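Report on the structure given below.
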Ligand SMILES: O=C(O)CCC(=O)C(=O)O
Ligand SMILES: [Fe+2]
């Protein structure tokens, strides 16, 4: 079992040479689209401080958190149970709460007219004086790691290393600290810490504490298998947008979180997506006469909005949404009354 998951979710040592890394990355992306990265350059202290600030945030009274309830741009607090990632198999919402931040876009900037763009909502300075500073430092550090992975992804596809760079001038970046309450998941009763889903976007960089819970669907085993926390490493996974872009070559794998109820669990996914108007059309290296494009061209923003529309009946894909939505995972639930 151990070896099976080691093979399915390999650990890439980021201190290796780029060409060696790119070859390992290509294999991981084709196999499951899930892998760890170690020696990634994000300071351990900064990761620890970020977890500490989020433990403090989630421990605040509900009224303080409610002051920054997620808005139409997907920024702010998403309460416990308000997201249902797998509506077909869940009898209640995910047993988690979260807090979304995006790349900061001032309200008066022309960019703010686009869906999912706008100012962030920060916890009050009086209550958490260090929260914003620490979060922004972490946001910058994982953005840099994302940019390194972008280069490696291009190499893994046989493209020029800077291929994706022009598509990340005004990227859609979201950090989403999560807190899972100590509740035992009961898959047979439809109770999950996070229901099964695949991520919508291009890349997810996930930091977890030392509490287990994440599982991926391993096709070769025909079941969900644990992806245990690994000290000092991020868990990286590919989302549906990259699967589409690569014509299915790179995988966006189903995953979920199950908890045993013995302790709180904290994790921090970072969603790394290209600029809103980036064209997402089958890469020439991923199609040919025997392998025609499976999806019509779209844009990064449209792809995300269409994904929401599939699962959010109230979501207007062509204008700004009026409800807060979970931006990054399939089957996400609308936050009733969050507008
Ligand atoms: O908390 C985790 O380990 C995974 C979270 C996740 O899959 C997500 O937020 O998309
Ligand atoms: Fe996910």
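The values are calculated or read from the model by the stated rules, or taken from the named source; none is laboratory data. Remember, predicted model here, so these are calculated numbers, not experimental data. Every residue, glycine as well, gets a Cβ built from its backbone with ideal geometry; the counts of neighbours run over all protein chains shown.
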Apart from one, (1) away from ligand 1 (no atom under 14 Å from the Cβ); (2) touching a helix residue (DSSP H, G or I) at 6+ places or on another chain (Cβ under 9 Å) all hold for residue 288; the odd one out is (2)
When you scan the stretch 77-85, do you find a residue that is closer than 26 Å to residue 301 by Cα, surrounded by fewer than 19 Cβ atoms within 10 Å (Cβ to Cβ), in contact (Cβ under 8 Å) with a residue 12 or more places away in the chain and out of contact with any strand residue (DSSP E or B) (no Cβ under 8 Å at 6 or more places or on another chain), even just one? no
Being within 12 Å of ligand 1 (Cβ to nearest atom) and within 12 Å of the chain's Cα centre (by Cα) narrows 266, 200 down to just 200
Among the candidates 305, 206, 249, which residue alone is more than 19 Å from the chain's Cα centre (by Cα) and surrounded by 14 or more Cβ atoms within 10 Å (Cβ to Cβ)? 249
Those residues that are within 16 Å of ligand 1 (Cβ to nearest atom) and surrounded by fewer than 16 Cβ atoms within 10 Å (Cβ to Cβ), I need them from the stretch 144-182; list them, please. 182
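Matching residues to (1) exposed (fewer than 14 other Cβ atoms within 10 Å of the Cβ); (2) touching a residue at least 24 places away in the same chain (Cβ under 8 Å); (3) more than 19 Å from residue 205 (Cα to Cα):
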residue	(1), (2), (3)
15	yes, yes, no
28	no, no, no
31	no, yes, no
41	yes, yes, no
50	no, yes, no
Let me spell it out: the conditions are (1) in contact with a helix residue (DSSP H, G or I) (Cβ under 6 Å, 6 or more places away or on another chain); (2) under 25 Å from residue 44 (Cβ atoms), and residue 105 meets all of them except one. Which number is the exception? (2)
Scan the stretch 174-210 residue by residue and report those that are farther than 17 Å from residue 50 by Cα and more than 15 Å from ligand 2 (Cβ to nearest atom). 181, 182, 183, 184, 185, 186, 187, 188, 189, 190, 191
Go through the stretch 206-223 and give me each residue that's away from ligand 1 (no atom under 11 Å from the Cβ) and farther than 21 Å from residue 262 by Cα. 217, 218, 219, 220, 221, 222, 223
Criterion first (in contact with a helix residue (DSSP H, G or I) (Cβ under 8 Å, 6 or more places away or on another chain) and at negative phi) does residue 43 satisfy it? yes
A careful count of residues in the stretch 211-230 that are part of a loop (DSSP other than H, G, I, E, B) and near ligand 2 (Cβ under 10 Å from one of its atoms) gives 0
Looking at the stretch 261-276, is at least one residue away from ligand 2 (no atom under 16 Å from the Cβ), crowded, with 23+ Cβ neighbours inside 10 Å and at pLDDT 55 or above? yes
